[in-house]
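Accompanying notes for the structure given below.
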Amino acid sequence: MTSIFHNLHNKTILITGANSGIGRSTAFEFARSSPEGLKLVLTARRVDRLDEISRQISAEVGEKVRICVRKLDVSKVEEVSALVEGLDEGFNKDVDVLVNNAAFMSGFERAPDIPLDVIESVWATNVIGVINMTQSVLKGMKKRGKGDIIMIGSNAGRYAYVGGSIYCASEAAVRSFTQSLSKELIATRIRVMTVDPGQVLTEFKDIRHRFDKEKADAVYAGCDPLTPDDVAEIIVFAASRRENVVVADTLLYPSHQASSTDIYRKL
Ligand SMILES: NC(=O)c1ccc[n+]([C@@H]2O[C@H](COP(=O)([O-])OP(=O)(O)OC[C@H]3O[C@@H](n4cnc5c(N)ncnc54)[C@H](OP(=O)(O)O)[C@@H]3O)[C@@H](O)[C@H]2O)c1
């Protein structure tokens with residue numbers, strides 16, 4: 001029987017933010033789903049963590065999954081531009097699947113008290129970084145007439161909430177960019193797909209709370225959030241459908257959540 005993941009065989013998958021949370025789980029999930037042949041390009045700023053993940057994946061699935069680790073800050077346009085051209089021989093500069101996953105938020109300030117450095121760095125990472133990454137792989141995809149661009153958005157891009165204006169706006173901006181992109185590419189086999197999770201247990205909350213452990217730990221009190229593996233399974237499922245199937249827009253919640261703010265807590 002053919003595996004439901006056979007469409008992934010020998011593809012080159014590029015993941016941003018691959019050293020933590022959803023990005024890390026996605027790297028493992030791709031490798032586990034196509035252990036007989038796959039090329040993984042794992043990127044983030046903390047490259048030591050990527051090296052460790054690369055070693056762990058190789059130990060688990062073997063050498064047929066080839067891994068290229070690259071230090072990348074998606075908010076730096078020159079690093080994004082140099083990335084694809086600088087890939088190792090054999091990765092062919094042909095990225096088949098881009099997972100636009102890197103993003104963050106710091107704090108809960110409301111206008112007019114949102115620090116300028118937060119506004120600028122969130123926009124540079126979550127919005128401009130995603131757009132630049134997409135453009136950097138799209139030229140090759142258009143030449144080949146196919147490829148997958150998977151945006152990891154957030155329910156925050158659909159349901160804005162108090163104290164989240166910059167993060168929610170950044171996710172909504174990517175959502176609009178994605179909608180235009182999928183219309184612009186309608187005559188190709190380039191698939192544009194969005195996966196929008198609700199609560200997921202990752203380091204995101206620690207960064208959001210500026211490493212105030214008590215506050216970060218309280219975020220999921222009485223809740224049973226998604227794990228990063230839950231989200232990774234959906235990402236890999238979407239990427240492994242046959243070419244004519246587009247899992248275009250997925251909203252993923254734990255059972256106690258129905259929007260950014262409709263959350264049932266069992267306390
Ligand atoms: N956790 C949630 O509840 C939740 C809910 C909805 C949506 N999401 C979305 O899920 C995605 C992944 O988040 P996560 O929860 O897995 O968070 P996470 O554990 O904090 O992971 C974030 C990843 O992004 C990387 N990153 C951050 N800034 C970067 C930059 N400037 N350049 C390159 N890489 C950068 C981080 O690595 P380095 O710091 O080493 O670069 C890390 O690998 C994000 O798009 C987030 O908006 C998360």
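The values are calculated or read from the model by the stated rules, or taken from the named source; none is laboratory data. In this text, all values refer to a predicted model and were calculated from it rather than measured experimentally. Cβ: placed from backbone, ideal geometry, glycine included. Neighbour counts: every protein chain shown. Heads up: the accessible areas ignore ligands, DNA and RNA and are worked out on the full protein's heavy atoms, side chains in. Shrake-Rupley method; radii C 1.70, N 1.55, O 1.52, S 1.80 Å.
Side notes on the structure shown:
- Within segment 155-185, the set of residues being over 17 Å from TRP123 (Cβ atoms), open to solvent by 50 Å² or more (accessible area, probe 1.4 Å) and either within 8 Å of the ligand (Cβ to nearest atom) or free of Cβ contacts under 8 Å to residues at least 24 places away in the same chain (or both) comprises GLN179, SER180, LYS183, GLU184.
- Search result, residues across segment 186-216 that are among the basic types (Lys, Arg) and within 12 Å of the ligand (Cβ to nearest atom): LYS205, ARG208
- Scan of segment 186-208 for residues that are surrounded by fewer than 19 Cβ atoms within 10 Å (Cβ to Cβ) and either of a type in the set (S, T, N, Q) or part of a loop (DSSP other than H, G, I, E, B) (or both), ordered by number: ILE186, ALA187, THR188, LEU201, GLU203
- The residues in segment 8-24 that are hydroxyl-bearing (Ser, Thr, Tyr), open to solvent by less than 10 Å² (accessible area, probe 1.4 Å) and within 15 Å of the ligand (Cβ to nearest atom) can be counted, and the count is 1.
- Any hit, segment 217-227, residues being in contact with a helix residue (DSSP H, G or I) (Cβ under 6 Å, 6 or more places away or on another chain), of a type in the set (A, V, I, L, M, F, W, C) and over 21 Å from VAL99 (Cβ atoms): yes
- Counting only helices (runs of 4 or more DSSP H) that sit completely within segment 35-129, those holding 2 or more residues that are touching a helix residue (DSSP H, G or I) at 6+ places or on another chain (Cβ under 6 Å) and either within 13 Å of the ligand (Cβ to nearest atom) or open to solvent by 80 Å² or more (accessible area, probe 1.4 Å) (or both) correspond to 77-85.
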